[in-house]
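Working notes, structure below.
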């Protein structure tokens, strides 16, 4: 976070090119979504499995194409360095790792990462540099592909919760949501983080359905991968997975307890062997979170800091700030507070989220009422990440960046809400069309 804030504070405004790039990728994404939707409607009604495969293929191909177009557009206008100035951090450390693989130099990452385990993305990009040479756009293309392929776990999760009627809109929304699309078209780790988060939710759901050693190991491998990217997310997701596995059906506490205990033991082994999350746990205090928030809110150059005077160093103050912090995290930048060219990139994001908010709320209610046990992991993930970021963040730029981690699960809930709305509309239409029957059973 320190590198991102420092780079944002030093970068200049984006000027008219930002508006052009913003309009370009938004309109192109909209056109592709409409084309995909028309194609899907034309092919519906055949074999369900074939329709499912065709749907996912079209969404992945379209999602990849849009991301490549966005990435090329930004790089041609040098907007990538303005939107994500910390690309330099990932590129530089990846180049050092590639040089180590070629035997040209000892492995010397940036001082901040020398003794850190959060180097997975450096190694991933560095391996690509080792294979293809120092070509950053190759790594960007890999991000574009990862962002598009995220449609697969999203579809599986939404289908478990609401069937195909919920899975299709959820997958399209998650694939083409503006900020999710934007961050996966740059040389940063966010695309891979979101993909792994969805893999963990999918792995937890599979393990909850039926216990198996391979399913347990799959969950563990996904958590390890996340630990090499963001360790505080590793802690949140590990805890969410363990708690959600302990939630069983009434009268079947034994199997749920077995799954939960197995997951807890696996997580304990990972933390013991790899050391994931230990540093964060040692410093998990409101005083430390308050220092992080003070720093993020102190960056004034980007015109994105908010409420720098807030103090969350005590439980009472943290609770008092939390509702306001949640509002900033979910809805900022507010349209009337856009002050810089960079913040204009957040406008399509918040407007889309505002429009989808009724469907999101309806979907959460449907999940809680109908599929609570299955949706516990997704709900815990959204709540824990939202609360953490709502407490520690004081800069709109970082809010915009990190919000993508919860937007994808929110789009799953939006899919559930859309499906429920269509179901209710269809039921109302049938009720209106049904013939009225008199007392004697004869139509009047």
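The values are calculated or read from the model by the stated rules, or taken from the named source; none is laboratory data. Nothing here was measured: the structure is a model prediction, and the numbers come from that model. With ideal geometry, Cβ positions are generated from the backbone for all residues, glycine too; neighbour counts draw on all protein chains shown.
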Item to complete: Looking only at region 135-154, count how many residues are without any contact (Cβ under 8 Å) to a residue 40 or more places away in the chain and not in a helix (DSSP H, G or I).
Response: 1
Discussion item. Tell me yes or no: at least one residue of region 199-213 is in a helix (DSSP H, G or I), at pLDDT below 85 and either more than 14 Å from the chain's Cα centre (by Cα) or buried (at least 22 other Cβ atoms within 10 Å of the Cβ) (or both).
Written reply: no
Worksheet item: Would you pick out the residues in region 361-397 that are crowded, with 23+ Cβ neighbours inside 10 Å and under 15 Å from the mean Cα position of the chain (by Cα)?
Response: 377, 378, 381
Worksheet item: Is it the case that residue 139 is under 18 Å from residue 84 (Cα atoms) and either buried (at least 19 other Cβ atoms within 10 Å of the Cβ) or at pLDDT 95 or above (or both)?
Response: yes
Worksheet item: Which one of 355, 330, 347 is in contact with a helix residue (DSSP H, G or I) (Cβ under 8 Å, 6 or more places away or on another chain), modelled with pLDDT of 85 or more and under 28 Å from residue 84 (Cα atoms)?
Response: 330
